[in-house]
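Written below as structure tokens is the structure these notes are about.
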Amino acid sequence: MRIGVIGLGFVGLSLASVLGAKNYRVMGFDSDRTKSFEIKNGNPPFYEPKLEDTMRLALKKGFTIEDNISLIVDNCKLIFITVGTPQRKDGSIDLSMVKSVIEQIGKLLKSTKNKPIIVIKSTVVPGTTINTLLPILNKKSSKKIGKDFDVITNPEFLRESMAINDTISPHAIVLGGTKNRFMKSLERFYQKLHKGIPIIITNSQTAELIKYTNNSFLATKISFINQISNICQSIPGANVEDVARTIGLDPRIGSLFLNAGPGYGGSCLPKDVKAIINFSNKIGVNPVLLDAVEAVNDYQLENLVLTIKKALGKIRGKKITVLGLAFKADTDDIRDSVSIKLIRLLLKSGAKITAHDPKAIDNTKRVFGDKISYSDSTYSALEGSECGIIVTPWKEYSKLNEKHLKIMKKRIIVDSRRMLNPNLNMRYYPIGIGKIR
Ligand code: UGA
């Protein structure tokens, strides 16, 4: 069976690579020509563990990158749509890329004999498939949905930095649409691909909502522990690590996503919480809890700056080292990264910034250029520094020791992830641990 994947970002490229490596005949398309060229040549356009090897194997086995989508519409039984739905200023999602792809597919459907299943993996608010995408396809193709083709909503739950593993072994598959032969065929495809993984079949609006519910619940868990972390930080000696570890042992709570820190970032949780808040307001439901989740998240950056001020006194003129630029470890992605926001605030306050990250320096240079300095090792980043701030939990930061502290001008560390041994010879300001005066 031939499979088309339109949009080769984190989701699309991971899916195409995993399927291609498993001998499926995958045809990929991305409107960005430079990106397509790089992929064709075996170079992933972003850093993601295991992606390069999987993608190269897929290319070897026949994963092709197409110049337009007409071959895909003519030949593929499954066409996955994995283009982005970026955030607009009011928090709603920008559907223009999904709509444009759907319009093109609709026009091409008109003249093809193929009867494909169009699988919407892009994150879209409830009702989008039924109210927006289906009418476009109906109009442009003049064909009958459920007879000549079908559309199934199939949200994605993969995490950056774990994209390949999550694509190979997802925790669940959600299929939203009408229970007909097309649905049966997609269900069979997934049963064969992921043996034993639960498949939930529902309507498309529920499938769309499941995606937002999943991400906003994760965001809620993070904001919850961050709220508790702030309480801990104000009680001398109280430690959020012990609190989180203990409540995580209660199976009703679970241990994951209870790491207090500088707040959640990245291209998904902030965007999806904003989108569901915007959507709820539009349909007349007051999203009080989600508003609070967002407010707590925004406060985490403020709390980090307050902690830095407490540690340093004045910020103006101080040489500060920011350790970690990516929104999480094992990625080079800086979209909505707390570090980037922190650097902006510190620059505004007159600090001199040196930044370090094992993977994300090139992306950060595109934002700050020569307004800050960059170091390719933690050691050189801390040389002459008056304060080191750990923002992203890269493993190597937990190895910071006396050797690193010795070359600092002042041995002050603000640690938003509590990674260091507090007994090192330093003035230590861990987020979520109350200082004993
Ligand atoms: C998130 C979801 O976890 C995926 O299931 C989902 O598919 C994806 O969004 C998406 O919608 O595409 P991702 O953005 O890759 O995945 O990253 P997460 O691992 O969820 O981390 C998001 C942020 O939360 C990071 O800034 C991370 O540092 C922070 N975080 C995470 C915490 O502060 N504490 C935690 O305990 C966990």
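The values are calculated or read from the model by the stated rules, or taken from the named source; none is laboratory data. Source: prediction; values computed, not measured. Don't worry about glycine lacking a Cβ; one is built from the backbone with ideal geometry, like all the others, and counts go over all protein chains shown. Side chains included, ligands, DNA and RNA excluded: accessible areas come from the protein's heavy atoms. Shrake-Rupley method; radii C 1.70, N 1.55, O 1.52, S 1.80 Å.
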Residues of region 420-437 being within 22 Å of K318 (Cβ to Cβ) and either at pLDDT 95 or above or out of contact with any Phe, Trp or Tyr (no Cβ under 8 Å at 6 or more places or on another chain) (or both), in sequence order, are L420, L424, N425, M426, R427, Y428, Y429, P430, I431
Pick out the one residue from K139, K144 that is surrounded by fewer than 16 Cβ atoms within 10 Å (Cβ to Cβ), touching a residue at least 24 places away in the same chain (Cβ under 8 Å), farther than 21 Å from Y212 by Cα and over 22 Å from the mean Cα position of the chain (by Cα).
K139
Top-ranked residue in region 237-268 [being free of Cβ contacts under 8 Å to residues at least 24 places away in the same chain and buried (at least 18 other Cβ atoms within 10 Å of the Cβ); ranked as nearest to the ligand (Cβ to nearest atom)]:
A244
Within the set of pairs 6+ apart or on separate chains, which have a first residue in region 152-163 that is free of Cβ contacts under 8 Å to residues at least 24 places away in the same chain, a second that is within 8 Å of the ligand (Cβ to nearest atom), and C-beta atoms under 8 Å apart?
R159/D166
Residue that is nearest to F46 (Cα to Cα) [pool: residues in region 307-324 that are in contact with a Phe, Trp or Tyr (Cβ under 9 Å, 6 or more places away or on another chain), of a type outside the set (G, A, S) and crowded, with 19+ Cβ neighbours inside 10 Å]:
L323
Considering (1) surrounded by fewer than 15 Cβ atoms within 10 Å (Cβ to Cβ); (2) in contact (Cβ under 8 Å) with a residue 24 or more places away in the chain, say which one G91 fails and leave the rest.
(1)
Residue in region 285-306 that is surrounded by the fewest Cβ atoms within 10 Å (Cβ to Cβ), counting only those that are of a type outside the set (V, I, T) and within 14 Å of G265 (Cα to Cα):
A295
Picking from T220, T213, which residue would you name as being of a type in the set (S, T, N, Q), under 18 Å from the mean Cα position of the chain (by Cα) and within 30 Å of I118 (Cα to Cα)?
T213
Selected residue (only one of T202, T220 is away from the ligand (no atom under 13 Å from the Cβ), surrounded by 15 or more Cβ atoms within 10 Å (Cβ to Cβ) and under 24 Å from S280 (Cα atoms)):
T202
Output the residues belonging to region 337-368 that are open to solvent by 30 Å² or more (accessible area, probe 1.4 Å), farther than 19 Å from Y47 by Cα and away from the ligand (no atom under 16 Å from the Cβ).
R344, L345, L347, K348, S349, K352
Among the residues that make up region 272-288, is at least one of them in contact with a helix residue (DSSP H, G or I) (Cβ under 9 Å, 6 or more places away or on another chain) and within 9 Å of the ligand (Cβ to nearest atom)?
yes
All positions within region 305-336 that are over 26 Å from K409 (Cβ atoms) and within 12 Å of the ligand (Cβ to nearest atom):
A326, F327, K328, A329, D330, T331, D333, I334, R335, D336
Output the helices (runs of 4 or more DSSP H) that fall wholly within region 1-77 and possess 2 or more residues being open to solvent by 10 Å² or more (accessible area, probe 1.4 Å) and within 16 Å of the ligand (Cβ to nearest atom), or say none.
10-21
Of everything in region 105-131, what is surrounded by 19 or more Cβ atoms within 10 Å (Cβ to Cβ) and in a helix (DSSP H, G or I)? Give them in sequence order.
I105, G106, L108, L109, T128, T129
